[in-house]
Amino acid sequence: MGNPIQRIMVYVDGSEQSITAAQYAICLASFSRAELIACYIVNTTAVEDLLRARIFLQDEQVEYEHDMEADAQRYLNYVGELAARKGVTVIRKSGRGSVHKEIVAAVKEYEVDLLVLGELSHIRSRRDEFYDEAERAMRATSCSVLIVKDEDRVYEMYESLT
């Protein structure tokens, strides 16, 4: 039997937890010689909700989405730099829309074997649980999911990778 993990996707959202997940995914890709895909989704659904609630004006929505797209490129480039330092090639995928739906679609599109996510935020209520996009993606995706914890240990593992 060959390597069961051929393609790894890491979801990056700019949080420290997602960067830790990216470091772990880089280590996994290096050890398993798997293809690595870094994915950032601009949450336009949330911005549209803010517009409907009249928290944003139309011009503010466009400007905010533009800023989020710049953030997406910056974080994807950063993950690319982290991977390059360790000799790992990464495919950078950005998208727009409902985060969990776009992650599920990307997993299917790239035929991903393992989705890597940063530690999920602490849920304060059932409502928060319903709106946590990473958790929704975890539950909806067709592939195995790995939740990365222990930032210090992951950093040491990443740093020791040659």
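The values are calculated or read from the model by the stated rules, or taken from the named source; none is laboratory data. Predicted model only: the values in this text are computed from it and were never measured. All Cβ positions, glycine included, derive from the backbone under ideal geometry; neighbour counts span all protein chains shown.
Assess whether A83 counts as being assigned to a helix (DSSP H, G or I), more than 18 Å from G14 (Cβ to Cβ) and modelled with pLDDT of 90 or more.
Working: assigned to a helix (DSSP H, G or I): yes; more than 18 Å from G14 (Cβ to Cβ): no; modelled with pLDDT of 90 or more: yes.
For A83, the condition - assigned to a helix (DSSP H, G or I), more than 18 Å from G14 (Cβ to Cβ) and modelled with pLDDT of 90 or more - is not met.
Name the helices (runs of 4 or more DSSP H) wholly inside segment 91-162 in which the number of residues that are at pLDDT below 90 is 2 or more.
Answer list for segment 91-162: 126-131, 133-140.
Under 7 Å by Cβ, and 6 or more places apart or on different chains, what pairs join a residue from segment 1-20 that is among the acidic types (D, E) with one that is buried (at least 22 other Cβ atoms within 10 Å of the Cβ) and outside any helix (DSSP H, G or I)?
Every condition considered, the pairs that remain are D13/Y40.
So the check is Cβ under 6 Å with 6+ separation or different chains; which pairs have a first residue in segment 91-110 that's in contact (Cβ under 8 Å) with a residue 60 or more places away in the chain and of a type outside the set (D, E, K, R) and a second one that's crowded, with 20+ Cβ neighbours inside 10 Å and assigned to a helix (DSSP H, G or I)?
That search, which allows pairs on different chains as well, returns I103/A137.
Restricting the search to segment 74-90, which residues are polar (S, T, N, Q) and free of Cβ contacts under 8 Å to residues at least 24 places away in the same chain?
Hit for segment 74-90 is N77, nothing else.
Can you pull out the residues in segment 90-125 that are under 13 Å from A25 (Cβ atoms) and out of contact with any helix residue (DSSP H, G or I) (no Cβ under 7 Å at 6 or more places or on another chain)?
Those that are under 13 Å from A25 (Cβ atoms) and out of contact with any helix residue (DSSP H, G or I) (no Cβ under 7 Å at 6 or more places or on another chain): I91, V112, D113, L114.
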